[in-house]
Amino acid sequence: MRRKKAQVWFPDFIFAFLLFVLALTMSIKFITNTFPDSGYAALLEDSERISETFMSQGAPINWTNETVIKIGLLTDKKFDPNKMNNLTNMTYSVVRDRLTTRYDFFMFIKDPVAPHNISHSFGHPAVSIIDNSTVVISALEYDNLVKIDRFITINDSIGILAVYIWD
């Protein structure tokens, strides 16, 4: 009786190898995308907390630079320009310490009357504003960047409070 010997053809081998590499690549991509970047998750959580802090009354309610415990920009659920003036009179490092964040930030308020104009801003000195309408962050070096927009009442109109946070 004759025994048949197995044959391996070169095209079969190449096809099987490519199929294996494709399956391995897809598996690795699936596994790495399943687990989110913990640095980004912490940054996102901090950005939500900081924007929420700005959207509060602060503590004490009528805080000044000397008495501030928690920085908030609202009084009776409306933007308070006096609190914004107090904020801009503080140094960036002091505000960052009061916000208890390790990340850099920049916040600005878009004017409700002229929505393309930025009426107030505060934050990292490397961020600039051109023509009161464009925030320039190109000078920054960061791994992750989060922007949070919140609606804010300014003189019975609705403006936008925007907060950029990066690491």
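The values are calculated or read from the model by the stated rules, or taken from the named source; none is laboratory data. All figures in this text were calculated on a predicted structure; none of them were measured in a lab. Here the Cβ positions follow ideal geometry from the backbone for every residue, glycine too, while neighbour counts run over all protein chains shown.
The C-beta contact set for region 7-30 (first residue modelled with pLDDT of 85 or more, second residue among the basic types (K, R), distance under 8 angstrom, 6+ apart or interchain) is empty.
Filtering region 113-143 to residues that are surrounded by fewer than 16 Cβ atoms within 10 Å (Cβ to Cβ), touching a strand residue (DSSP E or B) at 6+ places or on another chain (Cβ under 8 Å) and polar (S, T, N, Q) leaves N117, S128, N132, S133. Inside region 36-67, residues that are of a type in the set (V, I, T) and part of a helix (DSSP H, G or I) make up a count of 2.
One residue stands out in region 106-126 among those that are in contact with a Ser or Thr (Cβ under 8 Å, 6 or more places away or on another chain) and hydrophobic (A, V, I, L, M, F, W, C): the one that is farthest from M84 (Cα to Cα), namely V113. The residue that is surrounded by the fewest Cβ atoms within 10 Å (Cβ to Cβ), counting only those in region 144-160 that are part of a strand (DSSP E or B) and in contact with a helix residue (DSSP H, G or I) (Cβ under 6 Å, 6 or more places away or on another chain), is R150. May I ask you to list the residues in region 71-116 that are farther than 19 Å from I61 by Cα and in a strand (DSSP E or B)? D104, F105, F106, M107, F108, I109, K110 - these are the residues of region 71-116 that are farther than 19 Å from I61 by Cα and in a strand (DSSP E or B).
For region 63-97, residues that are under 17 Å from I165 (Cβ atoms) and in contact with a Lys or Arg (Cβ under 7 Å, 6 or more places away or on another chain) total 2.
Condition check: of a type in the set (G, A, S), farther than 26 Å from T100 by Cβ and outside any strand (DSSP E or B). Does S119 satisfy that? No: the conditions fail for S119.
No other residue among I109, I160, I154 is touching a residue at least 40 places away in the same chain (Cβ under 8 Å), hydrophobic (A, V, I, L, M, F, W, C) and farther than 21 Å from N89 by Cα apart from I160. Taking first residues from region 46-60 that are touching a residue at least 60 places away in the same chain (Cβ under 8 Å) and more than 12 Å from K70 (Cβ to Cβ) and partners that are of a type in the set (S, T, N, Q) and outside any helix (DSSP H, G or I), the Cβ contacts under 7 Å between residues at least 6 apart in sequence or on separate chains come to D46/T101. Can you tell me which residue in region 62-92 is surrounded by the most Cβ atoms within 10 Å (Cβ to Cβ), limited to those that are aromatic (F, W, Y) and more than 14 Å from H120 (Cβ to Cβ)? Of everything passing the filter in region 62-92, W63 is surrounded by the most Cβ atoms within 10 Å (Cβ to Cβ).
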